[in-house]
Amino acid sequence: MNLLLRPQDNDNGDKKYPMQPRSHKNYLRRNAAVVVVAAIILVLCVHWHLAIIHTRDIRPHDLFLSSFSSPRSAKDVSSAQKISLASPRGYESLSKEKHALNSSRDEVAPYILSSICGGCFRSLFDSRSCFTIMQRDVQKSNGKMTLIKAATKLGNESKSCKLCNPVQCWMHYFNNSTQHYGNGHQSKYWRFDKSGPKFTNPTTLTLTSIPSELRIPPSRFDDIGAYFQEKYEFAKASNSSMDYLVEYNPGLVVIPTKMKQDLPKEAAYLLSMRVTPANNCFSAKVYADLPKEVWNAAYYTATNHLGLALLDEKYQMLPGYDVVVEIDESFDLKRSTTTKAGDSVSPTFMDYRLFVLNNEVYLHANADTVIVNRLSLRAKGFGDDDAHMRSTGTCEAVAEEGGEMGNWEKPCRMDNLFGGDKLQITLMRQFNTVWSGGVYGKNYALFGVPNATHPNAPDSVYAEIDIFPHHVQQILPDEFDQLEKTDVFGRIWKPGTHKRRRFKIDRVNMRMVKEVGNTSESANAPLPSFSTVDAHEDWFPGDEAPFKEAAHGGACCVSFSVGELNLGGAKINHHEPLLVGIGHTKVTWKPWYSKKNIPQEKKDRVPHTHYVSLFYAFDPYPPFQIRARSGYFCLGHAPLATGNKLPPSEGGIFNSRSILTRNRMLQQNNITFDCPQMSFVSSFIQKAGDRSKTIIGYGLNDCTGRLVEVEKREITRLLYPDPTSMVFD
């Protein structure tokens, strides 16, 4: 019996309750008290529930709780329920929610589920996504066809979209076998902060050679906008740069045997870091609120130094052996076009990296495109210091001798800007430019491949230009072809444009690295080995993919033997070694982000300049075919310190800026992930003395740098995962 009688409409359209017999009215009066008491109890329960929830670590409005499958068992909730909980299709109503980060990553379920394979949502039929065709079929059916039925139909009809059929998806991951397949199986879509490799020995990196007066005081973190304004006013008055420095994006190499004789015996690795005022340590709003001239001075600073340090086997810096040098000034290459604050429109060099090629250390930097040079190290007191000083001139003197063309082919020693003179750096010649990827090329990985027919011959050296598609060019890094300046301008500007340019860096641009043969391009790369949340049908399927397909370096390459490839992963029948690298991709800025008619909710749902990483493996010979790639993942923050001390789990030196990386978190679809907005991998090498392990160096939000150690079998696990663990539930 329904106690709450429905109202009826009268002739005026107003709500009116029908007349009832007195016995019914008495009945309602008696029960009204019961309803009131029940309502009071309900209100008290709700208040008690909210009090409990708000005192927990998990917050009720965090979409982590609603979007991700329960940690108990994904099978406890139907697929339809999971999909509706994860759906952002009504993002207009979600945009004002603040999705705070849970206090512990372990409290968050690692993936969401779907009845449709992740490979389906990222597959293409000609140039159209398979998902687009499925959507069309569902719409055409006028409600008679579900998405899963459309997927199965398309998978049966199209070879390109075959993974849309759940059976074909299962067979793809189980070597064409349908054994153990059941209709209850669903595909996993992993969180970025749950899909990465397990690591050990994390190390926070801090250059102690940088003077304390050039550090941003932690006491100014809360009023950093005013601090930037003060620094700008001082720079403008003194015609100088913003006088504070941060270091990030670590490069790392094992020190070659021939170089160790001139260094302390504890030295195992050489570390490089970018040292500059330019940073993203603080929230985007902090920078957006700066006056334009202050923002320009902070971001487009001409100051981009190179930091170098010796590390021991445990990645600890050797005291007294970290230095900062200024290459563009020493080589007389600094750009002359300046802002009112005395800062360059853009820096001459950015993002230094290190590579070992044929037992020599090479320095790589991003300029107009990628430039390279060979360097040498020695420590003061190791060998004849006076003889070294006599035989090797300063880079300033050698650059002056080079004249207007800026060509020289003899070593020069760098004067250290900070850090004393215990570590001495020698650059072997003028830089050469890798033009293979055009003027927008950057972050190329350099690697060597042994000569297959002449084992004692030097390795062939290659520059990895792009990852997807995989473009690789053989080069001779110490040799160059001399270009005319007009040739350089033709490479920099579009045909038919007439511009003026008087940048000293063009001396280097005219020295084009010698290329051997043509740039190789391999066939299409395979689909990711596992899927991540961005590909889910209720996130960004098909053409909505937020991260651009064409991944970039990244860092490369570590050799994996047949035996190493057959450990850790599900595929155990490898017959040839592979080279493995780490790439990154990001959500790129698009013109519609600046359009006022685009709802802010849409922009917030897909924030740009957010990064994820991936592993990829390829043949160690031309055309360097990509054989496998992992799904996306992100690398995490350094743990919070107590006072000025790192926790026991973190090695290295305390960095006061580590806490700032949490000002910018990776976000997509109104979900916040437990890692920086920009985790930028800048080095990936094999551990010294232990070929079963690798070291990853990465920058966090252009603010700090970190190293982590990862076993090769862990990387193999992600490239060739067990389907029952990473792909299906």
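The values are calculated or read from the model by the stated rules, or taken from the named source; none is laboratory data. From a predicted model like this one, the values you see are computed outputs, not experimental measurements. A quick note on method: Cβ atoms are made from the backbone with ideal geometry, for glycine too, and the neighbour counts reach across all protein chains shown. Each accessible area value is taken on the protein alone, full model and side chains, heavy atoms only, with ligands, DNA and RNA left out. Shrake-Rupley method; radii C 1.70, N 1.55, O 1.52, S 1.80 Å.
Results, tabulated for the structure shown:
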quantity	calculated
Count - residues of the range 470-484 that are over 27 Å from the mean Cα position of the chain (by Cα), closer than 22 Å to Lys442 by Cβ and not in a strand (DSSP E or B)	1
Subset of the range 255-284 (residues that are without any contact (Cβ under 8 Å) to a residue 60 or more places away in the chain and under 21 Å from Ser656 (Cα atoms))	Pro277
The one condition in (1) out of contact with any helix residue (DSSP H, G or I) (no Cβ under 7 Å at 6 or more places or on another chain); (2) under 30 Å from Ser219 (Cβ atoms); (3) modelled with pLDDT under 95 that Lys596 fails to fulfil	(2)
Within the range 540-576, tally of residues that are more than 20 Å from the chain's Cα centre (by Cα), open to solvent by less than 30 Å² (accessible area, probe 1.4 Å) and not aliphatic (A, V, I, L, M)	6
Extreme residue, modelled with the highest pLDDT, among residues of the range 365-407 that are open to solvent by 30 Å² or more (accessible area, probe 1.4 Å) and basic (Lys, Arg)	Arg374
Selection status of Ser187, at pLDDT 90 or above, farther than 30 Å from Leu635 by Cα and open to solvent by less than 60 Å² (accessible area, probe 1.4 Å)	no
Residue ID - farthest from Phe282 (Cα to Cα), chosen from residues in the range 293-312 that are more than 26 Å from the chain's Cα centre (by Cα) and open to solvent by 10 Å² or more (accessible area, probe 1.4 Å)	Asp312
Candidates Glu564, Glu537, Glu544, filtered to the one that is charged (D, E, K, R), more than 29 Å from Gln186 (Cβ to Cβ) and either out of contact with any helix residue (DSSP H, G or I) (no Cβ under 8 Å at 6 or more places or on another chain) or in contact (Cβ under 8 Å) with a residue 60 or more places away in the chain (or both)	Glu564
Only listed residue being within 30 Å of Gln474 (Cβ to Cβ), touching a Phe, Trp or Tyr at 6+ places or on another chain (Cβ under 6 Å) and of a type outside the set (D, E, K, R), chosen from Ile582, Ile598	Ile582
Only listed residue being touching a strand residue (DSSP E or B) at 6+ places or on another chain (Cβ under 9 Å) and open to solvent by 10 Å² or more (accessible area, probe 1.4 Å), chosen from Ile653, Ile696, Ile715	Ile653
First in the range 441-461 and surrounded by 13 or more Cβ atoms within 10 Å (Cβ to Cβ), second anywhere and acidic (Asp, Glu) and assigned to a strand (DSSP E or B), Cβ under 8 Å, 6 or more apart	Lys442/Asp351; Asn443/Asp351; Tyr444/Glu464; Ala445/Glu464; Leu446/Glu464; Phe447/Glu464
Filtered residues of the range 593-620 (kept if open to solvent by 60 Å² or more (accessible area, probe 1.4 Å), not basic (Lys, Arg) and not in a loop (DSSP other than H, G, I, E, B))	Ser594, Gln600, Asp604
